[in-house]
1. How many of the residues making up the stretch 96-110 are within 13 Å of Gln130 (Cβ to Cβ) and touching a residue at least 40 places away in the same chain (Cβ under 8 Å)?
2. Which ones in the stretch 16-60 are surrounded by 11 or more Cβ atoms within 10 Å (Cβ to Cβ), at pLDDT 90 or above and of a type outside the set (Gly, Ala, Ser)?
3. Could you please give the count of residues in the stretch 61-108 that are part of a helix (DSSP H, G or I), hydrophobic (A, V, I, L, M, F, W, C) and under 24 Å from Arg51 (Cα atoms)?
4. Condition first: of a type in the set (Gly, Ala, Ser) and surrounded by 15 or more Cβ atoms within 10 Å (Cβ to Cβ). Now tell me which residues in the stretch 78-107 satisfy that.
5. Which one of the conditions (1) crowded, with 16+ Cβ neighbours inside 10 Å; (2) touching a residue at least 24 places away in the same chain (Cβ under 8 Å); (3) out of contact with any Leu (no Cβ under 6 Å at 6 or more places or on another chain) does Glu69 fail to meet, given that it meets all the rest?
6. Considering only the stretch 1-53, how many residues are in a strand (DSSP E or B) and more than 30 Å from Thr118 (Cβ to Cβ)?
7. Being touching a helix residue (DSSP H, G or I) at 6+ places or on another chain (Cβ under 9 Å) and of a type outside the set (Phe, Trp, Tyr) narrows it down to one of Leu65, Leu24, Leu100, Leu28, so name that one.
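The values are calculated or read from the model by the stated rules, or taken from the named source; none is laboratory data. Because the structure is a prediction, the values reported are computed rather than measured. For neighbour counting, all protein chains shown are included, and Cβ atoms are generated from backbone atoms with ideal geometry for every residue, glycine included.
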Amino acid sequence: MRRSIKYFIERPVIVNALMLGLFLLSILGWQKIGKEEMPEFAFESIRINFRYPGASAADVESFILKPVEEKLKGITALEEVKSSASYGSGMIRVNFEAGLKNLAEKVQEVKDSVNSVTLPKEVDDPTYRQFKNLKKQ
């Protein structure tokens, strides 16, 4: 090991040539990698935001997010349900299965389920934001 280190210390031109070669190979490799400016991907989800003024994150979780998540468990075609709570607000993101044919019906089913949960009176009406398929144009 010491011999190889000493060898390269004594020959900086070889080290620089090797570094230049690696650099050129990395540029060549980067050019060969397939990349797109606007890749195509499927993405269907809805984000539900709740405002509970003055409530702690723990209160938002226990009085809003947990009951709504329990209600959403009964809906089919949901791939994932994620939630996060912070001071005075909470958010639930519902991801639907890819290629869902009746997406509008499932979105309405999610809204109906959320609206059927009894929330504290201080909670503002939830807001919904839907994210649909994004495709290349």
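1. Total satisfying the criteria: 5.
2. Across the stretch 16-60, the qualifying residues are Leu18, Ile46, Arg47, Ile48, Asn49, Phe50, Arg51, Tyr52, Asp59, Val60.
3. Qualifying residue count for the region: 6.
4. Ser83, Ala85, Gly88, Ser89, Gly90
5. It fails just one condition, (2).
6. Of the residues in that region, 1 qualify.
7. When all the criteria are applied, what remains is Leu100.
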